[in-house]
Amino acid sequence: MAVILCFGLAFADNGKLENVQAEESKTVTLYLTRHGKTMLNNTGRMQGWCDSPLTQDGAAVAEKLGQGLKKAGIFFDAAYSSDSGRAIETADLVLRNCGQEALTLKKEPMIREVCFGIYEGATPPEAYGAASKALGFSSVEDMMGAVFGGKISIYDAVTAMANTDETGSAETWGEAQQRVAEGIVKIAEEARLNGQKNVLVVSHGMAISAFLSAVNPEIVVGELGNASITKIVYDGKTFTVESVNDMSYVKDME
């Protein structure tokens, strides 16, 4: 994607996402977090805008993340989640276990997961069957082999899947990337204007990956762990990725 049009976003010469409307620089650190594991994650089904509750293990890893953040001395000035139940539940558990349950959690629909439209709740073979044929592969397994082999990107597969949704409700990668980027810029700008430095943002695996690819197209993101931290610093103009898929806060509590 060459340009994001809304919220004054643009790509700089170095490929990094910029907010060209920012007036002064105040550093904000975003702790982007993937929600804990859910029932649909356990059954291997597509979970975009549809929802399911955290499993026992999913809740436990969110609790450990909160405890690990507290142990590391990291406290938040603001907290956001998508408006999906699994993200809200994760954020509540993190805040409770890092001793910040009194902090108001704000829900932001723009940082929801990619919408899979008619394929919500389907298994990957069901969801990507038509997409694999559209991309010239004989099977979903061959297409996924090409993804893991670096011949095509998961972004291509998601877009091909969206294009086979006859209802037109599934999002292409570019559409999801634009939406999520606008949402995270909105959060970062609000924090900057309020003088807030550390911000918890609980979102979703593909949504976070979409934002990372907007910040820096050269970043290769594998599957993000549940309750992983991706740390991004916003200086009022550009976003800089400091770490991706960091599970150290959870592991410190195991």
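FYI, it's all coordinate maths here, none of it is from the lab. This one's a predicted model, so the numbers in the text were calculated from it and none came from an experiment. A quick note on method: Cβ atoms are made from the backbone with ideal geometry, for glycine too, and the neighbour counts reach across all protein chains shown.
Could you give the dipole magnitude of the chain about its Cα centre, charging the beta-carbon of Lys and Arg +1 and that of Asp and Glu -1, in debye to the nearest 20?
In total the dipole reaches around 520 debye.
As an exercise, identify the GluC sites (Glu not before Pro) in segment 30-112 lying in DSSP coil whose Cβ has no more than 14 other Cβ atoms within 10 Å.
Within segment 30-112, the qualifying GluC sites (Glu not before Pro) (loop, at most 14 other Cβ atoms within 10 Å) are GLU101.
State to the nearest 20 debye the size of the charge dipole of segment 201-254 about its Cα centre, where the only charges are +1 on K and R beta carbons and -1 on D and E beta carbons.
My answer is approximately 160 debye.
Whole Å is fine, so just give me how far the alpha carbon centre of segment 24-43 lies from that of segment 97-162.
Using only Cα atoms, the two centres lie 16 Å from each other.
In deg cm²/dmol, rounded to 500, what helix-only [θ] at 222 nm does the chain give when every DSSP H run of at least 4 residues adds -39500 (n - 2.57) and the total is split over its residues?
-12000 deg cm²/dmol
Around MET253, under 11 Å between beta carbons, what's the net of Lys plus Arg minus Asp minus Glu among the other residues?
With Lys, Arg at +1 and Asp, Glu at -1, the neighbours total +1.
If the elastic network links every pair of Cα atoms under 10 Å, which of ALA87, ALA214, ALA134 fluctuates the most in the Gaussian network model of the chain?
ALA134
For a 26 Å ceiling on Cα separation, which of these pairs sit above it: LYS107/LYS251; LYS64/LYS186; LYS37/LYS237; LYS151/LYS231; LYS106/LYS231?
Where the Cα-Cα span goes over 26 Å, the pairs concerned are LYS107/LYS251; LYS64/LYS186; LYS37/LYS237; LYS151/LYS231.
Report, for the chain, the % of DSSP beta bridges that are antiparallel, rounded to 5.
Once the DSSP bridges in the chain are tallied, antiparallel ones form about 55 percent.
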